[in-house]
Every structure is written in structure tokens, then in C-alpha cells.
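The structure appears below as C-alpha cells.
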Amino acid sequence: MAPLLQIHGPVSDGSVAFKNEAVEFCKEAPLFSYKENEEGVPEIYGSLELRDDQGTLIDAYKIRVVCIPNYPSLFPYVYETGGRIPVNIDWHVYEGDGHACICAIPEEILVCHNGITLSSFIENQVKPYFFNQKHREMHGFFVRERSHGQFGNIEFFIDIFKTSNILSIVKGLQYIKNRVEPGRTHPCFCGSGVKYRNCHREAYRLLKPLSPQILEAFIGFVMTFA
């Protein structure tokens, strides 16, 4: 996991942006409060309500969301503080310090590259995570669960490229890093013979906005599974 987390280079101080967003978030979400811990790191804490499409309350989890130095290039850390979720990777909680494993690292990098705020992070990442936790509490299993650790990260690329062939994934990443987008009716760059628009257009357009450095880091990571 470390090589993927290090691709952003030097750590930047995201505490100012986090603090400003946290103060505004708490104005709109009265069940949350803002504070700074003993090291001066900003965080929010409170009750995260889960509601259905009709607005009916399903459940609520006590959580805290803590700024990390790389924010918003990476997700802030999320902790469930009510003691409901076991602290182990089978429940998608890191056993070291107990923060939530929200999604695969490559997916996290993509989401952050497209831009996040604290409000959008909680709405689009944190709430779905806890809806999934509620599903497991009720039914004994997660919805659309990936493997844990590095295997979950490689499964992200398997899903994107729709193949488990590692060399094909590497070839696709190298093409996206170095080449212009094919015409919509041209044969796909993967060599399938299928028209590009019906094959890997989604993968190309998802990954191409990333910097060459990030794509090169993805290639290096995937190659470790070859």
C-alpha cells in the first residue's frame, strides 16, 4: 500500500482547508462539532445519520473525522467511536489505529484528484461506507466487497480493465499514460478488435486526467503482481 500512498510526493499541510470546511460543515450539520486535538490537528465528531430515500432515519453511528497532512490529496481518517464495529480488517477497519478502510487506495487517489471537500467526502464516501456496515450488521455480509489490503487494490484495476491478466492491465496503463485517445470507432488499444467506444473508453477517460507520475506509480504497483 505504501508506494501508492507516497505518489503525491512531499506532505503538504491541509489543515487550513480542512478547518475552514469543518467549521462550515458543522454549521449545516448540528449533530457535529469541531475541535482541535492536543497536537492542534483539526477534526469533527458527532452522530452520522443514515436515512433512506424518503428521509426516514435508519440508524446513526458515532464518528470522528480527523485531518491528515495530505488532505485533500488523500482522505481524512474516519473513526467509528461508538464501539459497534470491530477493529479488524474483516470489517474494513485498519487494526493499527482503527481508522476506516473507505475504499481501495487507487480509487481514493482518483476521487481526490477530481476534488473533494469535507462535505462531499462525508456524503459520497463516508455515508456509503456506514450504510455498508449497517448491511453487514443486519445480514452478515457487505455489498460488493473487495478483498483486503493489496489484493483489494489490484481488484480495482481488474474491475476497470475488465480482465485479470496483469500484463494486459499494465499494457493498458502504459497506453493511457503515453498515447492520445483513439477515435470512437477505431479498434480498442487493448487488441481485442472491438471498437474503442464499446471496450476501454471508460477506463481511458477515467485514468487519463491523472499525472504521468501517478500512472507510472500505478504501473509499478500492478507489475508487482506479474
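The values are calculated or read from the model by the stated rules, or taken from the named source; none is laboratory data. Note that the coordinates shown come from a computational prediction; the quantities given were computed from them, not determined experimentally. Positions of Cβ are generated from backbone atoms using ideal geometry, with glycine treated the same way; all protein chains shown enter the neighbour counts.
Things worth noting here:
- Residue under evaluation Pro30, criteria (1) over 16 Å from the mean Cα position of the chain (by Cα); (2) in a loop (DSSP other than H, G, I, E, B); (3) in contact (Cβ under 8 Å) with a residue 12 or more places away in the chain, criterion not met: (3)
- Selected residue (criterion: nearest to Val78 (Cα to Cα)) from residues of the range 128-182 that are among the aromatic types (Phe, Trp, Tyr) and in contact with a helix residue (DSSP H, G or I) (Cβ under 9 Å, 6 or more places away or on another chain): Phe142
- Residue count, the range 75-102 (criterion: touching a Cys at 6+ places or on another chain (Cβ under 8 Å) and surrounded by 20 or more Cβ atoms within 10 Å (Cβ to Cβ)): 4
- Counted residues, the range 14-43 - those being more than 22 Å from Cys112 (Cα to Cα), at pLDDT 95 or above and either among the polar types (S, T, N, Q) or not assigned by TED's automatic domain parsing to the domain that holds Cys67 (or both): 1
- Only one entry in Phe130, Phe157 is among the aromatic types (Phe, Trp, Tyr) and either assigned by TED's automatic domain parsing to the domain that holds Phe18 or closer than 22 Å to Leu48 by Cα (or both), namely Phe130.
- Checking each residue in the range 192-212 for being in contact (Cβ under 8 Å) with a residue 24 or more places away in the chain and part of a loop (DSSP other than H, G, I, E, B) picks out His200, Lys208, Pro209, Leu210.
- The sole residue among Glu155, Glu107 that is under 29 Å from Arg205 (Cβ atoms), surrounded by 14 or more Cβ atoms within 10 Å (Cβ to Cβ), touching a Ser or Thr at 6+ places or on another chain (Cβ under 7 Å) and of a type outside the set (Val, Ile, Thr) is Glu155.
- With respect to the conditions (1) closer than 27 Å to Gly40 by Cβ; (2) surrounded by fewer than 20 Cβ atoms within 10 Å (Cβ to Cβ); (3) in contact with a helix residue (DSSP H, G or I) (Cβ under 8 Å, 6 or more places away or on another chain); (4) not acidic (Asp, Glu), Tyr71 falls short on a single one, namely (2).
- Count of residues meeting criterion [loosely packed, with under 14 Cβ neighbours inside 10 Å and assigned to a helix (DSSP H, G or I)] in the range 172-191: 1
- From the options Arg136, Arg205, Arg197, Arg179, residue that is within 30 Å of Lys62 (Cβ to Cβ) and out of contact with any strand residue (DSSP E or B) (no Cβ under 6 Å at 6 or more places or on another chain): Arg136
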